[in-house]
Amino acid sequence: MSTSDLTERQQLSYIAGQAADARLNVELETEGMTLNIGPQHPATHGTLRIIVRLDGEQVVWAEPSCGYMHRGYEKLTEVRTYPQVTTLVNRIDWLGSFANEVPFILAAEKLMDIEAPPRAQHIRTILFELSRIANISLFLGDLGVQLGAVTPAFFAFRDREHVLNLIETATGGRFHPNFDRIGGLKDDLPKGFVDETRRVMRKMRTYCDQIDDLLIGNEIFKARTRGVGIVPRDVALQYGLSGANLRASGVDYDLRRDQVLPMAWDKADWKVWTHPDGDSFARCWVRLQETREATKIVDQLIDGLPAGPIMAKVPRIIKVPAGEAWVSTENPLGEMGYYVVSKGDLGPFRVKIRSASFNNISIAPWLLRGVYVPDIITILASLYFILGDIDR
Amino acid sequence: MSALAIEIPYWGQSLLRVLGGIVAVLLPAGTIVYVFLFKMMSFMQSRLGPMEAGPYGSMQLFAEVGKWLQKEDLAPAQADQRIFKMAPLIVLVSTFLLVAVIPFGPDAWFTNFDVGVFYAMAVASISVLGILVAGWSSANKYSLLGGLRAAGQLIAYELPMVLAVIGVVIQAGSMNLQEIVVAQNAGSIFGWDGLGNPFVLTQFVGFVVFMIAVQAELTQPPFDMPIAESELVSGYMTEYSGFRFLIFFIAEFATVGVFSLVASVLFLGGWGVPFAWFGWDSIDSVDDWMNVGGPLIMLTKMMVLSFLIMWVRFSFPRFREDQLQRFAWKVLIPISLANIVVTAIIKVAV
Amino acid sequence: MSDVTETEGEVQALPGDGLREGIVDELRRRIGDALVDTELRPNDDLWVRVDPASWRATGEALAAMGFEYFCYLSAIDWLPSPYGRGEDDPTQPSPERSSEIRQGVTGGDTRFQILARVVDTSRHVGITLKTDVPDGDDVAFGVDSWHSVYAGANWHERETHEMFGIGFTGHPDLRNMYLPTEFEGHPLRKDFPLLARMVKPWPGIVDVEPMPANDDEAEPNSSDESAGAVRQGGEGSASDAPQSSERVSSERDQ
């Protein structure tokens, strides 16, 4: 694994420090202590429980225990119609909720063999990227809180309000827009949306610069995150890490660019960011760059918005023909996909929801061995999960 | 108290001293909490802070004190009850003991030890005991982790603090805090006495080391591993609520104030302005109104230094425990030792 | 490189479909007869069904072929739900429903099928895998675990076991993922009812009292106007959504 900024000496010194502690713990014959982090805890984004066995300050064994927020989504989708499922899946990743609807709607459209008109595709992509900005800007603020810097969190909430207001003017809902429909969108954009979006994107770029200065460029932040929680490339692929976690381990894979979907990402000129290190700093850094890139995508798409209808001709009561379809997109948290099995009914027969955070957290037992207690928080913060996404 | 014409009997003087001590501890605490914690931190985070209680939220502190006082007196069932209840008081006691030796004016002091600095440093480490005891007796794994971290950190950062102060002592030639103040205000820099001789100029390295060590002694970010809110909830304070948490809270900010007072005495010239401004020669020729002006000047200097401490607190993420220790042992202590050597050489040779 | 194509009136094969056919051939070369059925849809996906006995061998073959990225592993229960869509009226006897098991793409023989997906990130191609889960009386109900091939399969197999009851031989630790340890039953099976719908069938009984009889004046006769004012924009009429954004943008203009 080639590293760019992280010297081998730094890695070795970190590992050597841990090994020295481990040797000392063995010599002193101390007893391990089992600690429950969560389910109520300031650090976990929700009700995640991690059971760690500590030897002093070093983790010997760690195991996340999920399910405190399990709502049984896959069972619930079996008794709902397709528009009702759209409402349901909003709530999987609640910070960037429009992005949850899109793969499901695309899968249903694939089964029906229709495509949304170009204007709807554009607007879908714009709203998708807006929800990415909303989601990751909160991550950047929350990152500071996990590490002890309380101030960036307030900037995050303040600046995220602009994006949420945008989403609200377009869809009517800040957190759960429920805006996507099979064949297009529910409504067209309101007047003034284009100018407002340009203003908000400028503000979000300023916010990203602020976070770059305040947090990512801070020496203490770098000391806390460099070399911590290194995920090598092959381990990342094996566990199915996706999104920024995968790109931070050096894998150049972005589902917006690497597959053909009826969305408008290929109409904009943007870059995929990767980082060779695979440590916590790399993950945080990649997400910051992605947020900036998302603002650029929105700017370009909002300029070239095509005219036309926003809804294809679909019957009022939608019965999706029988078949199976899989669509996955590059959601803010990673790769989110839906495998929709339809039997020609009003609702799906089976929906398998592939959520990104489930795979992202499954690496925790492997990754958390041998780290110090503060590093647990750093690693979890950099892996970034949302409980609704893990537990569905 | 020669300023007053009346003779105050000894018990009266002691009572005044006690009241003065309480004011000297609680007034800085309250001011720092309101101005810096409620308002300055809020403005830096682009929000307003408490606005409801009183005009511009000025009564918020009283509201909070009242709230905590009326809470239930909880102690975990498995905690060691007597020690659990004693721990916050130990921390607060060290603050009161520390303020006893700070001079506020030419005659406005509580005690005037010849070994004031030695006493101050010794007493400042009593709070470490309180924190350890709190962490251990809480019967809570998070508190235990916080207490263990505090043990390592606070003991490690005692040393740079003491070593930084030694430079001041060498330069002033005395451990008596009153004489240190006089040495700064009556002194001169290369013959020009317009500014006196505040030790922050010559002991700049010592000043920086002292402030960093103070930040760590107070377990403020970036050195707040013992509290580490996102990991340990509240560290050693987790199980404390109501009145006992109020004591910890007051003790934390009172200690910020008192350490700022100590630092202003040691480095910024204490209660005085340069004597040359008023034509005073020595401590005896200082006018009596300075006994009233002195505390005000001390308050101002304390606010300046507390501002520094609080500003750093809200800005930085926290160090990890081993990085903390490495910083103390491998960076601060060698620097402060070098500072002592250079000071001693210059004092003797120049 | 990614497969970019223009879809004209009828569906054209992706240039990458040659790549997918090559993958099928390579897989057939590696696992031989175990490759039971494939389906390659142009512009869509590649489905492959394999024999359950060589499930692990398939995983190893794919990992060796460069499919390093483990997407997910789950299962499908092909039994139509005896409870329908949970909308039965509890007072009526439940209607007759067909319980014919019909598998989907690439067919199958059993009620349960394992569904998995792995991706080759360098060639940007994914493959969806299916296999039957043998459920006769004399065989263990389950397949081999992919734990040794893809480390990420650990949690997915735990969840599949918990939700469907499918065993995975060779899995180190097949505990429940989401549900409490004492939970009985396998929720995602179709014969496990959705308890919320059993307790209160959909659309649910609206249990409010009817309006009192003597309220001619309090009738909601303005419902049409209020609905019109809110929902329909109209020409320059006071509808909320465009106006608020106009207000927002005009405020910002100043």
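The values are calculated or read from the model by the stated rules, or taken from the named source; none is laboratory data. The shown structure was predicted, so the numbers you read here are calculated from the model rather than taken from an experiment. All Cβ positions, glycine included, derive from the backbone under ideal geometry; neighbour counts span all protein chains shown. Surface accessibility is based on the protein's heavy atoms, side chains included, excluding ligands, DNA and RNA. Shrake-Rupley method; radii C 1.70, N 1.55, O 1.52, S 1.80 Å.
Can we say A:Val286 is over 16 Å from A:Leu130 (Cβ atoms), away from chain C (no Cβ under 14 Å), touching a Gly at 6+ places or on another chain (Cβ under 8 Å) and in contact (Cβ under 8 Å) with a residue 24 or more places away in the chain? No: the conditions fail for A:Val286. crowded, with 23+ Cβ neighbours inside 10 Å, closer than 19 Å to A:Arg198 by Cα and among the aliphatic types (A, V, I, L, M): does that describe A:Ala294? So A:Ala294 passes the test. In summary, helices (runs of 4 or more DSSP H) completely within region A:37-155 and bearing 3 or more residues that are within 14 Å of chain B (Cβ to nearest Cβ) occur at A:118-147.
Yes/no per residue for (1) assigned to a strand (DSSP E or B); (2) closer than 23 Å to A:Ile105 by Cα; (3) over 15 Å from the mean Cα position of the chain (by Cα):
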site	(1), (2), (3)
A:Arg283	no, no, no
A:Lys296	no, no, yes
A:Val327	yes, yes, yes
A:Met336	yes, yes, no
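Of the residues making up region C:35-60, those that are open to solvent by 10 Å² or more (accessible area, probe 1.4 Å) and in a helix (DSSP H, G or I) are C:Pro52, C:Ala53, C:Ser54, C:Arg56, C:Ala57, C:Glu60.
Yes/no matrix, rows are residues, columns are (1) in a strand (DSSP E or B); (2) at pLDDT below 75:
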position	(1), (2)
C:Ser94	no, yes
C:Glu100	no, no
C:Val105	no, no
C:Arg117	yes, no
C:Arg123	no, no
C:Gly126	yes, no
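Only one of the listed residues (B:Ala79, B:Ala100, B:Ala108) is at pLDDT below 90, more than 20 Å from B:Ala263 (Cβ to Cβ) and not hydroxyl-bearing (Ser, Thr, Tyr). That residue is B:Ala79.
Let's see how each residue does on (1) in contact (Cβ under 8 Å) with a residue 60 or more places away in the chain; (2) buried (at least 24 other Cβ atoms within 10 Å of the Cβ); (3) small (Gly, Ala, Ser); (4) touching a Phe, Trp or Tyr at 6+ places or on another chain (Cβ under 9 Å):
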| site | (1), (2), (3), (4) |
| --- | --- |
| A:Leu138 | no, no, no, yes |
| A:Phe157 | no, no, no, no |
| A:Arg160 | no, no, no, yes |
| A:Leu164 | no, no, no, yes |
| A:Phe175 | yes, no, no, yes |
| A:Asp180 | yes, yes, no, yes |
| A:Asp188 | yes, no, no, no |
| A:Arg198 | yes, no, no, no |
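When A:Leu301, A:Leu288 are screened for being part of a helix (DSSP H, G or I) and closer than 20 Å to A:Leu106 by Cα, only A:Leu301 passes.
Let's see how each residue does on (1) more than 10 Å from chain C (Cβ to nearest Cβ); (2) buried (at least 23 other Cβ atoms within 10 Å of the Cβ); (3) in contact with a Phe, Trp or Tyr (Cβ under 7 Å, 6 or more places away or on another chain):
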| position | (1), (2), (3) |
| --- | --- |
| A:Pro332 | yes, yes, no |
| A:Tyr339 | no, yes, yes |
| A:Lys343 | no, no, yes |
| A:Ala356 | yes, yes, no |
| A:Phe385 | yes, yes, no |
| A:Ile390 | no, yes, yes |
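The residue of region C:62-77 that is surrounded by the most Cβ atoms within 10 Å (Cβ to Cβ), among those that are under 30 Å from A:Phe349 (Cβ atoms) and free of Cβ contacts under 8 Å to residues at least 60 places away in the same chain, is C:Tyr69. The listed residues are A:Asp277, A:Asp212, A:Asp269, and the only one of them that is closer than 23 Å to A:Asp375 by Cα, touching a residue at least 12 places away in the same chain (Cβ under 8 Å), over 19 Å from the mean Cα position of the chain (by Cα) and surrounded by fewer than 19 Cβ atoms within 10 Å (Cβ to Cβ) turns out to be A:Asp212.
Selection of region B:201-222 for residues being closer than 15 Å to B:Phe259 by Cβ, modelled with pLDDT under 90 and either away from chain A (no Cβ under 14 Å) or open to solvent by 10 Å² or more (accessible area, probe 1.4 Å) (or both) yields B:Glu217, B:Leu218.
Only one of the numbered conditions (1) in a loop (DSSP other than H, G, I, E, B); (2) in contact (Cβ under 8 Å) with a residue 12 or more places away in the chain; (3) not aromatic (Phe, Trp, Tyr) is not met by A:Val340, and that is (1).
Just one of the listed residues (B:Met310, B:Met303, B:Met298) is touching a residue at least 60 places away in the same chain (Cβ under 8 Å), within 14 Å of chain A (Cβ to nearest Cβ), aliphatic (A, V, I, L, M) and assigned to a helix (DSSP H, G or I), and it is B:Met310. Condition first: facing chain C (nearest Cβ under 9 Å), part of a strand (DSSP E or B) and hydrophobic (A, V, I, L, M, F, W, C). Can you find one or more residues in region A:361-379 that meet it? Scanning region A:361-379, I find no residue that is facing chain C (nearest Cβ under 9 Å), part of a strand (DSSP E or B) and hydrophobic (A, V, I, L, M, F, W, C), so the answer is no.
Report whether or not A:Pro190 is in a loop (DSSP other than H, G, I, E, B), farther than 16 Å from A:Thr378 by Cβ and more than 9 Å from every other protein chain (Cβ to nearest Cβ). It is false that A:Pro190 is in a loop (DSSP other than H, G, I, E, B), farther than 16 Å from A:Thr378 by Cβ and more than 9 Å from every other protein chain (Cβ to nearest Cβ). All of (1) surrounded by fewer than 22 Cβ atoms within 10 Å (Cβ to Cβ); (2) modelled with pLDDT under 90; (3) more than 14 Å from every other protein chain (Cβ to nearest Cβ) hold for B:Glu239 with one exception: (1). Taken as a whole, the structure places B:Gly270 among residues that are on the phi > 0 side of the Ramachandran plot, at pLDDT 80 or above and either of a type in the set (Asp, Glu) or open to solvent by less than 20 Å² (accessible area, probe 1.4 Å) (or both). With respect to (1) in a loop (DSSP other than H, G, I, E, B); (2) within 11 Å of chain C (Cβ to nearest Cβ); (3) more than 29 Å from A:Phe104 (Cβ to Cβ), the lone exception for A:Gly278 is condition (2). Just a yes or no: is a residue in region A:219-228 open to solvent by less than 50 Å² (accessible area, probe 1.4 Å) and under 17 Å from A:Phe128 (Cα atoms)? The answer is no, given that none of the residues of region A:219-228 is open to solvent by less than 50 Å² (accessible area, probe 1.4 Å) and under 17 Å from A:Phe128 (Cα atoms). Of all the criteria given as (1) hydrophobic (A, V, I, L, M, F, W, C); (2) in contact with a strand residue (DSSP E or B) (Cβ under 9 Å, 6 or more places away or on another chain); (3) within 14 Å of chain C (Cβ to nearest Cβ); (4) not in a helix (DSSP H, G or I), the one not satisfied by A:Leu246 is (4). Check region B:69-90 and report whether any residue there is crowded, with 16+ Cβ neighbours inside 10 Å, farther than 23 Å from B:Phe314 by Cα and β-branched (Val, Ile, Thr). Yes, the conditions are met somewhere in region B:69-90. Checking each residue in region A:198-241 for being part of a helix (DSSP H, G or I) and at the interface with chain C (Cβ under 10 Å from one of its Cβ atoms) picks out A:Arg199, A:Val200, A:Arg233, A:Asp234, A:Val235, A:Ala236, A:Leu237, A:Gln238, A:Tyr239. Against the list (1) within 10 Å of chain A (Cβ to nearest Cβ); (2) of a type outside the set (D, E, K, R); (3) more than 15 Å from the chain's Cα centre (by Cα), the condition C:Gly104 fails is (3).
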